[in-house]
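As structure tokens, the structure follows; a few thoughts come after it.
We did not get these values from a lab; they are worked out from the coordinates using the rules stated. For clarity, every value in this text was computed on a predicted model and none was experimentally measured. Cβ coordinates were reconstructed from backbone atoms using ideal geometry, including for glycine residues, and neighbour counts include every protein chain displayed.
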Amino acid sequence: MEKQKIEFPKYTTEMLEILKKGRVLLVGQGKDGKPNPMTIAWGSIMFSWNKPIFVAMVRSSRYTYKLMEECDTFTVNFFDESYSEAMKFCGTKSGRDHDKWKETNLTPVKGKSIDTAAIKEAMINMECKTVYKDEMNLDFLEKAIIDQKYDINVNPENVPHTFYFGEIVDLYGAISEK
């Protein structure tokens, strides 16, 4: 099925459900032009500054963080449950050490409106341009969340996230109407 333009906010509820299930790959692409997919299960879709926005959260300990810092665009790619093994691989292996494209058989394709790659096999592709970013300040976060998600004594990679607010400049997918 050919992918068609989706008008925001159509399918927002469905996209949030897919995100909650961890079936989303964020693609960052650095100065070297090599895209890297990273599984995400946290993020937000919102309307702010008179723009549709996706907020991606990336820890500075991740390889994708370097790519996000080098480029002002990223893609968010939504998958059905048949891609659970690819999601697991892209969420547990680093692009520093692995060619995730080759090892998951996923296909990077040129974005329609931005240079960062989208993923051919995704049922929905969202292309974003970073309009704001902000590093978390743990002084303002609930202690229970810090203890659960940001305790570096449990895992040294539990560093705070940087929030990337991306204007959704293109949204398209292969969605069958019910």
Calculated from DSSP H runs of 4 or more alone, at -39500 (n - 2.57) each and per residue, what is the 222 nm mean residue ellipticity of the chain, nearest 500? -5500 deg cm²/dmol
If you take the beta carbon distance between K143 and E70 as r and set R0 to 35 Å, what does 1/(1 + (r/R0)^6) give as a FRET efficiency, to the nearest 0.05? 0.55
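In square nanometres, what is one fourth of the surface area of the convex hull spanned by the alpha carbons of the stretch 4-173?
Working: hull surface 39.3 nm².
One quarter of the hull surface, i.e. the mean projection, equals 9.8 nm².
Sorted by average packing, counted as other Cβ atoms within 10 angstrom per residue and highest first, what order do 134-142, 57-65 take? Intermediate values should be presented prior to the final figure.
Details: 134-142: 10.1, 57-65: 18.4.
Going from most to least packed, we get 57-65, 134-142.
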Integer Hz, Karplus 6.51/-1.76/1.60 couplings in order for the stretch 114-130, x for Gly and Pro: 9, 7, 5, 5, 9, 10, 3, 6, 5, 7, 9, 10, 10, 10, 10, 10, 5
Sequence-distant or interchain residues sharing an amide H contact under 5 Å with V131, placed H: which? F165, G166, E167
Determine the gain in length on full extension of the stretch K3-V131; use 0.36 nm per residue of separation and subtract their C-alpha separation, reporting nm with one decimal. 43.5 nm
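Taking a threshold of 27 Å on the Cα-Cα distance, which of the pairs K20/K149; K31/K112; K5/K66; K88/K120 fall above it?
Values: K20/K149 16 Å; K31/K112 19 Å; K5/K66 30 Å; K88/K120 18 Å.
Over 27 Å Cα-Cα: K5/K66.
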